[in-house]
Amino acid sequence: MLYLGHTGTDNIVELNVQTRTVHTVLVGSFPCAVAINPRTQMLYAVNYGSATVSAINLATNKVVATLVVGDHPQAVAVDALHNRIYVANVHGDSITAINGETNKVIGTYSAGKNPYAFAIDPTAERVYAANFGQPAVTVVNVSQAAAH
């Protein structure tokens with residue numbers, strides 16, 4: 001299966017590449033990025049226009065949670081080791097952390113000016129945020145508690 005955000009219709013498109021069949025799931029406004037948590041088989045869709053993340057159960061193709069995150073979320077990544085999902089909020093200058101077991105926001109970290117992409121080092125418990133502004137890269141220690 002392939003999963004894509006379709007910004008024009010506010011859907012996540014599930015494409016079965018063998019049968020070429022398509023299934024859609026309605027999410028928030030302007031879904032622009034997706035990531036799958038391999039521990040829970042949940043897909044997380046970042047909704048840039050509504051400042052939310054939709055958690056979709058891939059077994060049922062149903063939205064099971066809609067989480068409010070920072071201003072204009074743009075990127076999402078999964079830390080499978082710690083069962084956490086991270087969202088870069090480009091206009092919120094922050095990274096939101098989500099508990100992958102409960103699908104609840106567990107905090108927000110400051111991430112420099114306009115973080116738009118990031119990489120996770122789960123062993124070191126660090127998130128490296130690429131920023132449009134300065135500093136060009138922010139290192140976030142996610143082993144420490146985040147602000148709520």
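The values are calculated or read from the model by the stated rules, or taken from the named source; none is laboratory data. On a predicted model such as this, the values are computed, not experimentally measured, just so you know. Cβ coordinates were reconstructed from backbone atoms using ideal geometry, including for glycine residues, and neighbour counts include every protein chain displayed.
Just a few scattered comments:
- For Lys113, the conditions (1) in contact (Cβ under 8 Å) with a residue 24 or more places away in the chain; (2) among the charged types (D, E, K, R); (3) over 19 Å from Glu14 (Cα atoms) are fulfilled apart from (1).
- The residues on offer are Ala75, Ala129, and the sole one that is buried (at least 19 other Cβ atoms within 10 Å of the Cβ), touching a residue at least 40 places away in the same chain (Cβ under 8 Å) and touching a Gly at 6+ places or on another chain (Cβ under 7 Å) is Ala129.
- Residue, surrounded by the most Cβ atoms within 10 Å (Cβ to Cβ), within region 90-113, restricted to residues that are in contact with a Lys or Arg (Cβ under 8 Å, 6 or more places away or on another chain), over 17 Å from Val63 (Cβ atoms) and of a type in the set (A, V, I, L, M, F, W, C): Ala97
- Odd one out for Ala136, checked against (1) over 24 Å from Asn57 (Cα atoms); (2) surrounded by 12 or more Cβ atoms within 10 Å (Cβ to Cβ): (2)
Residues are listed down the side, and each one gets a yes or a no for (1) farther than 26 Å from Thr138 by Cβ; (2) surrounded by fewer than 21 Cβ atoms within 10 Å (Cβ to Cβ); (3) of a type in the set (D, E, K, R); (4) modelled with pLDDT under 95:
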{"residue": "Pro38", "(1), (2), (3), (4)": "yes, yes, no, no"}
{"residue": "Ala45", "(1), (2), (3), (4)": "no, no, no, no"}
{"residue": "Gly49", "(1), (2), (3), (4)": "no, yes, no, no"}
{"residue": "Val64", "(1), (2), (3), (4)": "yes, yes, no, no"}
